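To keep things clear, I will list the structure first and then write my remarks on it.
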Amino acid sequence: MKTLNTLWLGFRATVFWAGYGLITIGYGLLTPLLFLLTPEMAFQVLITWAYINVWWLKVTCGVHYMVKNPQNIDKSDTCIVLANHQSTWETMAIPTLLPPFAWVLKKELLNIPFFGWALKLVNPIAIDRSAGRTAIEQIKMIGKERLDDGIWICMFPEGTRVAPGKKVRYKMGGAILASYSGYPIIPIAHNAGESWPRHSYIKKPGTITISIGPKILTKGREADEIIKDVKDWIEAEKEKLPPI
């Protein structure tokens, strides 16, 4: 019985991946045309890629989601979003919850065919993670420019995907940007890794929970104090999320 269930889940995942690939290639082929648009207009087109793939995952693999405390996202107030990172899923789902924003990401992602080309259109803050303090200065200076223009910033302070139940040291970049710019942080906790673990082909059906935290004020505060508040909230909230 277990083998049959695994085969069924594998079949559903194969259907998902086939559709995901076709959808991504289709959007990739549109990329040259999108360079004729403003970043804001390109964002509105590209965000439909995320909506479609989150929907397609639900249809093919039975992966649903619910948002806890969505009212904590006040789109009239520019913020920095810091979320835990467990899966590929949140990189598609979180953008559907936010106003136009910029990712802080490693510059190597921009070299990925189709996906990386599209990322370039929405003015990400692409950094060389081996550059140390130079990378932090990029996040501070470019990030504040984006925020001052009304563009939100989204980061994963863990720096990489972390399996459910595991804990790592949070990186300081987001907190340093918040301390420098004075913009508030909205923390996000989720359990997407229970459904779509890192390097997993099969997706476990169920309902992922995304919890939106209250704003963490940052003006006049030190980065180490800020990141402690972020980590404390995210780690405590993850423990409260229902299993998928």
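Here are the numbers for the structure shown:
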read-out	value
Failed item in (1) under 29 Å from residue 55 (Cβ atoms); (2) loosely packed, with under 15 Cβ neighbours inside 10 Å; (3) in contact with an Asp or Glu (Cβ under 8 Å, 6 or more places away or on another chain); (4) not acidic (Asp, Glu), with residue 168 passing the rest	(1)
Qualifying positions in the stretch 14-40 - aliphatic (A, V, I, L, M) and assigned to a helix (DSSP H, G or I)	15, 18, 22, 23, 25, 29, 30, 33, 34
Unmet criterion (only one of (1) modelled with pLDDT of 95 or more; (2) of a type outside the set (D, E, K, R); (3) closer than 21 Å to residue 183 by Cβ) for residue 65	(3)
Boolean, residue 13 is in contact with a helix residue (DSSP H, G or I) (Cβ under 7 Å, 6 or more places away or on another chain), at pLDDT 95 or above, among the small types (Gly, Ala, Ser) and under 30 Å from residue 169 (Cβ atoms)	no
Residue that is among the aliphatic types (A, V, I, L, M) and farther than 27 Å from residue 197 by Cβ, where the choices are 30, 98	30
Filter result (surrounded by fewer than 17 Cβ atoms within 10 Å (Cβ to Cβ), of a type outside the set (Val, Ile, Thr) and either touching a Ser or Thr at 6+ places or on another chain (Cβ under 6 Å) or without any contact (Cβ under 8 Å) to a residue 60 or more places away in the chain (or both)) within the stretch 38-55	41, 44, 50, 51, 55
Residues (of a type in the set (Val, Ile, Thr) and loosely packed, with under 13 Cβ neighbours inside 10 Å) located in the stretch 1-24	3, 6
Residue in the stretch 221-239 that is basic (Lys, Arg), in a helix (DSSP H, G or I) and under 18 Å from the mean Cα position of the chain (by Cα) present	yes
Selection from the stretch 206-244 of residues that are more than 23 Å from residue 139 (Cβ to Cβ), surrounded by fewer than 17 Cβ atoms within 10 Å (Cβ to Cβ) and either of a type outside the set (A, V, I, L, M, F, W, C) or touching a His at 6+ places or on another chain (Cβ under 6 Å) (or both)	207, 214, 239, 240, 242, 243
Criterion (over 18 Å from the mean Cα position of the chain (by Cα), aliphatic (A, V, I, L, M) and modelled with pLDDT under 95) met by exactly one of 46, 37	37
Test: residue 45 is part of a helix (DSSP H, G or I) and in contact with a Leu (Cβ under 7 Å, 6 or more places away or on another chain)	yes
Tally, over the stretch 172-201, of residues that are surrounded by fewer than 18 Cβ atoms within 10 Å (Cβ to Cβ) and hydrophobic (A, V, I, L, M, F, W, C)	1
Out of 88, 96, 78, sole residue that is closer than 19 Å to residue 187 by Cβ, out of contact with any strand residue (DSSP E or B) (no Cβ under 7 Å at 6 or more places or on another chain) and either surrounded by fewer than 22 Cβ atoms within 10 Å (Cβ to Cβ) or among the charged types (D, E, K, R) (or both)	96
Among the residues listed as 142, 153, the single one being among the aliphatic types (A, V, I, L, M), crowded, with 23+ Cβ neighbours inside 10 Å and either at pLDDT below 95 or within 16 Å of residue 104 (Cα to Cα) (or both)	153
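The values are calculated or read from the model by the stated rules, or taken from the named source; none is laboratory data. All values derive from a computational prediction rather than experimental measurement. Ideal geometry is used to build each Cβ from the backbone, glycine not excepted, and the neighbour counts take in all protein chains shown.
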